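Report on one structure; see the data block that follows.
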Amino acid sequence: MRVQLAVDARRPGRACEDFAVATPEVLVLLDGSSAPDTLDSGCGHGIPWYVRRLGAHLVARLTDHPDRAVAACLADAIADTAALHGDGCDLANPNTPAAMVVAARLRGDALEYLALGDSLLVLHPKQGPPRVIGDNQRFPGGEALRRQVWSTVPGTAERAELYLQYAIAVRAARNTGHGPWIAAAAPQAAEHAETGVVARADLHGVAALSDGAARFTDRLGLGSWADAVRLLAEAGPAELIAQVRAAELTDADCLRWPRGKAHDDAAALYAQL
């Protein structure tokens, strides 16, 4: 694989909660599940710590165990990372550090892939339109509250209160069987990831994007998925994120494009096969 990647924090001086890494055979992208600062996680490590360790463990598992299914490697990596927390962390806390996950692995003539949460993997085929995989753990029960958040002005107390209510509702439901599944401390979440295999010969490449980068198409409408993969292949992930940032700056109040944050952490990766 020939890989390009870019990661950009939503604002200068703030630790990025997205993470991307690649080897000649494996790519991994994680998007940390951010929460209001007032919401206790029961853990002193934080989301940036979590995504980097989960990402490193997942790359190692995918590389060292090529015969093990990608979802099983994710389950192992979740367990490995949970073991690093120590006795001072309450992993049963519903706000324990967590992340969306995209992963892919070349194995012989095939590309194996996995997506869990609202980050996306996009297959760039030699024939036909791109195939978008992911955003598979939506939370219908919180959709009305999320749209209430979007209807308020960024930076106001009203938005902060509604966002807190939404965050609490999502975390109470996730990884329980009554809401979305996400990589946190429970290895069984990996069983709910979307997985598959595609022939390498059928692909130009494969892309992975956190939701902050996927805004190019699914929130800001700057182009189709065909436009997005073409931009990634020809100009690279940094250019796609730059175009997202430029559009966001024209709509700081989130009026033209309703969204939870004016800017979000963004990570994008493109691998030419």
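The values are calculated or read from the model by the stated rules, or taken from the named source; none is laboratory data. All values reported here derive from a predicted model rather than from experimental measurement. Positions of Cβ are generated from backbone atoms using ideal geometry, with glycine treated the same way; all protein chains shown enter the neighbour counts. Accessible surface areas use protein heavy atoms only, side chains included; no ligands, DNA or RNA. Shrake-Rupley method; radii C 1.70, N 1.55, O 1.52, S 1.80 Å.
Only a single item in (1) open to solvent by less than 60 Å² (accessible area, probe 1.4 Å); (2) in contact with a helix residue (DSSP H, G or I) (Cβ under 6 Å, 6 or more places away or on another chain); (3) within 27 Å of Val51 (Cα to Cα) is not met by Trp150, and it is number (2).
Scanning the stretch 155-170 turns up at least one residue that is crowded, with 17+ Cβ neighbours inside 10 Å and free of Cβ contacts under 8 Å to residues at least 24 places away in the same chain.
In the condition set (1) within 16 Å of Asp31 (Cβ to Cβ); (2) of a type outside the set (Asp, Glu); (3) part of a loop (DSSP other than H, G, I, E, B), Val153 is compliant with all but (1). Scanning the stretch 17-27 for residues that are within 10 Å of the chain's Cα centre (by Cα) and either modelled with pLDDT under 95 or within 15 Å of Ala207 (Cβ to Cβ) (or both) returns Asp18, Ala20. Filtering the stretch 46-59 for residues that are among the hydrophobic types (A, V, I, L, M, F, W, C), open to solvent by less than 40 Å² (accessible area, probe 1.4 Å) and free of Cβ contacts under 8 Å to residues at least 40 places away in the same chain leaves a non-empty set.
Scanning the stretch 100-141 for residues that are touching a Phe, Trp or Tyr at 6+ places or on another chain (Cβ under 6 Å) and closer than 26 Å to Pro48 by Cβ yields Ala104, Leu121, Gln137.
For the stretch 219-236, name all the residues that are within 23 Å of Gly260 (Cα to Cα) and either touching a residue at least 40 places away in the same chain (Cβ under 8 Å) or touching a helix residue (DSSP H, G or I) at 6+ places or on another chain (Cβ under 7 Å) (or both). Once the filter is applied, which keeps residues that are within 23 Å of Gly260 (Cα to Cα) and either touching a residue at least 40 places away in the same chain (Cβ under 8 Å) or touching a helix residue (DSSP H, G or I) at 6+ places or on another chain (Cβ under 7 Å) (or both), the stretch 219-236 yields Arg219, Leu220, Leu222, Gly223, Ser224, Trp225, Ala228. Of the listed requirements (1) assigned to a loop (DSSP other than H, G, I, E, B); (2) crowded, with 19+ Cβ neighbours inside 10 Å, Gly13 misses just one: (2).
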